[in-house]
Amino acid sequence: MTTQSTYELPFKVDNAWCPGCGNFGILNTVKKTLAEIDIPQQNVVFSSGIGQAAKLPQYVHANYFNGLHGRALPVATAIKASNPELLVIAEGGDGDMYGEGGNHFLHTIRRNVDIVHLVHNNMIYGLTKGQASPTSQRGMVTPLQINGVSLEPANPLAVALSYGAGFIARVFSGDTKEMQEIISEAVKYKGYALIDIFPPCVSFNKINTYKWFKENTYYVSDDYDNTSFEQALGKAFEKEKLPMGILYKNPDQKKSFTEHLVAYKNNSKALYERTVNTKKLQELVDTI
Ligand SMILES: Cc1ncc(C[n+]2csc(CCOP(=O)(O)OP(=O)(O)O)c2C)c(N)n1
Ligand code: SF4
């Protein structure tokens, strides 16, 4: 029997989030879920970029790499490649992941990197005080978009499906039970798993509030077939009310990124466990 890990920090840190921010619900549920899955902390690595959401790993007792804005996904890919045994969670905001990191979003999905991808989609840039993000609604007035956002919001779920993502889910930040189930399923899924989460930004987004999310979202019913690509695509394009739950779980799991790597073809040992052939390395360096 294993001892259940705790993901609570053993020391006090000041949390930079505003009271009432939806990020707290995500933080608490992530810690609770990981503890209940009972995966040892040393086997969990978060990768995040810049933003309010991207600070989450600083409040969890696990490993993390907090890097540049929009660059959490390539870092997550490298971590997974160097040790496929780790549970790698890439995490950040809608600006970080769908805007600045948009290119990485596409290619991480194409590569089918076996990670859990948590996006705090509050439909605004919170850290920089309320400019429009790619998912901000058309017409939203901000200090920068003074005449209102002129573009239609990006559709990350449809993009993810069209790039071949095998697992796609959406959940509200305050729905602990649903989020816990979804994260557990995403962890078990062998391949890239996207969870688009709605955490209200109480300070800068006065449109997509707690009330707005309650009134403009719904969970798919138990008889919804989440193995159907066509049905999932239909859900991704629903606009009147935004569907939540596990919207797609492809039963035909493709090979993941690390399963394609030559380094693991005849040897399953993580790269850090292998002996480095210094002679070969030197020969390689000498060719430069
Ligand atoms: C390359 C680069 N561009 C812009 C910024 C400024 N910047 C920091 S965070 C941020 C947006 C954060 O929004 P989001 O990712 O949605 O996270 P939130 O703060 O809302 O959680 C921006 C534009 C930066 N740090 N680096
Ligand atoms: S600015 Fe918005 S996203 Fe950032 S901590 Fe405050 S409520 Fe949360």
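Among L242, V187, T77, flag the residue with its Cα farthest along the positive direction of the charge dipole of the chain, charges on Cβ as +1 for Lys/Arg and -1 for Asp/Glu.
T77
Determine, for each peptide in 25-33, 277-285, the mean count of other beta carbons within 10 angstrom over its residues, then list the peptides with the highest first.
The peptides rank, most packed first, as 25-33, 277-285.
Loop sites only, by DSSP: take the chymotrypsin sites (Phe, Trp or Tyr not before Pro) in the chain that have at most 14 other C-beta atoms within 10 Å and name the longest stretch containing none of them.
Working: sites that count: F11, F237.
Longest stretch, sites excluded: 12-236.
Bin width 5 Å, alpha-carbon pairs only: give the P(r) of the chain as whole percents, running from 0 to the bin holding the largest distance.
Spelled out per bin, shortest first, that is 1, 6, 12, 16, 18, 17, 13, 8, 5, 3, 2, 1, 0.
Return the calculated 222 nm mean residue ellipticity for the chain, to the nearest 500 deg cm²/dmol, obtained by summing -39500 (n - 2.57) across DSSP H runs with n ≥ 4 and dividing by the residue count. It would help to have the intermediate numbers written out before the result.
Details: 9 runs with 84 residues, N = 288.
Helices in the chain give a 222 nm mean residue ellipticity of -8500 deg cm²/dmol.
I want to make sure I understand the PRE zone here: with the label point 7 angstrom from the Cα of E8 toward its beta carbon, which residues in segment 16-49 have backbone N atoms less than 15 Å away?
Those under the cut-off are 28-36.
Just to be sure I understand the model, the point goes 7 Å from the Cα along the line to the Cβ. What's the resulting L106 to E215 distance in nm?
3.7
Just so you know, all these numbers are worked out from the coordinates, no wet-lab data involved. Because the structure is predicted, anything quoted here is derived from the model rather than measured. Glycine also receives a Cβ, built like all others from the backbone with ideal geometry; neighbour counts cover every protein chain displayed.
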